[in-house]
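Take a look at this one; I'll ask things after.
The values are calculated or read from the model by the stated rules, or taken from the named source; none is laboratory data. As the structure is a prediction and not an experimental result, all values here were calculated from the model. Here the Cβ is made from the backbone with ideal geometry for all residues, glycine too, and neighbour counts use every protein chain on show. When the accessible area is computed, the model is the full protein with side chains, heavy atoms only, and any ligands, DNA or RNA have been set aside. Shrake-Rupley method; radii C 1.70, N 1.55, O 1.52, S 1.80 Å.
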Amino acid sequence: MKNKSEYAFEKILEDNTDKIYRICRIYAVLPVEPQDLFQEVIYQIWKSLPGFKGNSSISTWVYRIALNVCLRSKLKLERSSTKTVHLESIQFTPVTETRDETETLKYKLLRECISTLNDSDTSIVILYLEELPYKEIAAITGLTENHIAVKMKRIRKTLFACIAPKLN
């Protein structure tokens, strides 16, 4: 029989799995690492659930955990990158998934351009792409709503300058 916290945890996963996985994919080295990051985020949510005080919405709390886990993983990977060889040439695409090649190219270019941003800007643009309002992005990142708006204007210019020449 499940207790109250198990039901709460299952509800959190049900509502946030796709969001968490998209964040993990941005910060991960494909194809295997997104699943590893996803599992680590899920573990940290489970571990932290008893300490959730309700000062923010559950989704804000989940985003904060996901971003923190992914950023810690990225830093750890960068520190050990001289010792590790990644097999980035291996690509995994599920058989049932069909993709428009133009959309795949645009997605790849966007990922490349996002990867050139600093960690703070990357976090902001990921949350923006999740269609979160500036107010919630501010709550997750600890910045003011106005600061988020200013940073997003600059980030858009940077991403456009990066992507536009590649699409032409």
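What percent do you get for the relative contact order of the chain when only Cα pairs under 8 Å and 6+ apart count?
Value for the chain: 22 percent.
Shifting gears a bit: Going down the list 53/108; 108/151; 4/108; 76/108; 53/151, which pairs span over 31 Å between their C-alpha atoms?
Flagged as over cut-off: 53/108; 4/108.
To continue, here is another question. Which length gain, in nm to one decimal place, applies between residue 7 and residue 119 when the Cα-Cα distance is subtracted from 0.36 nm times their residue separation?
Length gained between residue 7 and residue 119: 37.0 nm.
Excluding residue 163 itself, what net charge comes from residues whose Cβ is under 14 Å from its Cβ, given Lys and Arg +1 and Asp and Glu -1?
+4
Quick one: order 129, 117 from most to least accessible surface, probe 1.4 Å.
Accessible-area ranking of 129, 117, largest first: 129, 117.
Lone cysteines in the chain, defined as no other cysteine's Cβ under 4.7 Å from theirs: which are they?
Lacking a cysteine Cβ partner under 4.7 Å: 24, 70.
Could you give the longest part of the chain that holds none of the GluC sites (Glu not before Pro) found in DSSP loops with at most 10 neighbouring Cβ atoms within 10 Å?
The segment 1-87 is the longest one with no such site.
What figure in square angstrom, to the nearest 10, would you give for the accessible area of residue 120 with a 1.4 Å probe?
About 60 Å², ignoring ligands and nucleic acids.
Okay, moving on. Within a Cβ distance under 11 Å of residue 20, other residues only, what is the Lys/Arg minus Asp/Glu net charge?
-1
Which order do 9, 52 take when ranked by solvent-accessible area (1.4 Å probe, heavy atoms of all protein chains), largest first?
52, 9
Also, quick follow-up: With every protein chain in place, what's the accessible area of residue 111 (1.4 Å probe, Å², nearest 10)?
About 50 Å², rounded to the nearest 10.
Provide the gained length on full extension for the span residue 17 to residue 154, in nm with one decimal, where the gain is 0.36 nm per separating residue minus the Cα-Cα distance.
46.4 nm
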